[in-house]
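Take a look at the structure set out below.
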Amino acid sequence: MSVLDIRNVETFYGAIMALRGVSLTVEQGEIVTILGANGAGKTTLMKTISGLMDPEKGSIDFNGVRIDGMEPDKIVAMGLAHVPEGREVFPYLTIEENLRMGAYTRRGADIRDDIDMVYSYFPILKERRAQSAGFLSGGQQQMLAIGRGLMARPKLMLLDEPSLGLSPLLTQEIFAIIKRLNTEQGVTMLLVEQNANVALHTAHKGYVLEMGRIVMAGSCEELRASDDIQEFYLGRQ
Ligand code: ATP
């Protein structure tokens, strides 16, 4: 059974069809990336999975349970964490309070252990734990958003454009941590990313979304070797 199984999903903004029959699967332990240009439908796909938008057609199964049409908080409670584009940390709460907010579906003493686990991956968050999140740099806010997602002990983490607005160096750093979280903590991830190069060196498999349709799918190795991917996404001649 797949962690996520999306079949023929169609999602609209009014009369505009943003997803045109999207199908994809994510297996336990995988990092799967969705590549696509601006406006391809990547964010719409993430919102459709997390219940912020309802598809008109198709189905979405999460660990064997149908979730399309469910309320977002119910989907979160089932173990899906969405780290949205633009991070959206709580600026007036401290870093540690933000992390605790990520565990709101849970209770118990092990929350402290998970905060320490997050700090072990992002030591800068520990250093600044008592400061308001609004004062963090863009990269640190991205770290906090990922950390907050981890606090829910998700069965699947959706990451929407983690590199947005970050320098190449910081992007490399964030993706190295994403990879470590996957190998060391076993976190399954679905990753939307415009930086195809870094995404195709981090994920196991990928899908290419163009104008609301999946036009290519394969292992990251296969995708990196494709002439079309090299020309349109990796910028090679
Ligand atoms: P980006 O990388 O720029 O965020 P994206 O791949 O995430 O792009 P979406 O934001 O999902 O793309 O947009 C998919 C399509 O839906 C686009 O054609 C866009 O113009 C359209 N769209 C997005 N949001 C709305 C909206 N609120 N109302 C109408 N159309 C929208």
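Considering the stretch 159-192, and only residues there that are of a type in the set (A, V, I, L, M), buried (at least 21 other Cβ atoms within 10 Å of the Cβ) and within 16 Å of the ligand (Cβ to nearest atom), the residue that is farthest from His204 (Cα to Cα) turns out to be Leu159.
Could you say which residue among Gly149, Gly134, Gly102 is closer than 21 Å to Leu45 by Cβ and either within 20 Å of the chain's Cα centre (by Cα) or modelled with pLDDT of 90 or more (or both)? Going through Gly149, Gly134, Gly102 in turn, the sole match is Gly149.
In the stretch 18-33 there is no residue matching the filter, namely being within 13 Å of the ligand (Cβ to nearest atom), without any contact (Cβ under 8 Å) to a residue 40 or more places away in the chain and under 20 Å from Lys155 (Cα atoms).
If you go through the stretch 1-29 and pick out every residue that is surrounded by fewer than 18 Cβ atoms within 10 Å (Cβ to Cβ) and part of a loop (DSSP other than H, G, I, E, B), you end up with 7.
Examine the stretch 128-147 for a residue that is among the charged types (D, E, K, R) and in contact (Cβ under 8 Å) with a residue 40 or more places away in the chain, and state whether such a residue exists. Checked against the condition, which is being among the charged types (D, E, K, R) and in contact (Cβ under 8 Å) with a residue 40 or more places away in the chain, the stretch 128-147 yields no hits at all. The set of residues from the stretch 120-154 being under 21 Å from Tyr104 (Cα atoms) and part of a loop (DSSP other than H, G, I, E, B) comprises Phe122, Arg129, Ala130, Gln131, Met151, Ala152, Arg153, Pro154. If the requirement is being touching a Leu at 6+ places or on another chain (Cβ under 6 Å), within 26 Å of Glu184 (Cβ to Cβ) and not hydrophobic (A, V, I, L, M, F, W, C), which of these qualifies: Gly139, Gly108? Criteria check complete, one pass: Gly139. The stretch 40-113 holds helices (runs of 4 or more DSSP H) entirely within its bounds, and those carrying 3 or more residues that are within 16 Å of the ligand (Cβ to nearest atom) map to 42-49. Pairs meeting the criteria (first residue in the stretch 191-211 and more than 10 Å from Thr33 (Cβ to Cβ), second residue part of a strand (DSSP E or B), beta carbons under 6 Å, at least 6 apart or on different chains) are Leu209/Ile34.
The values are calculated or read from the model by the stated rules, or taken from the named source; none is laboratory data. Every value quoted in this text rests on a predicted model; they were computed, and no experiment measured them. Using ideal geometry, Cβ is built from the backbone for each residue, glycine included, and neighbour counts are taken over all protein chains shown.
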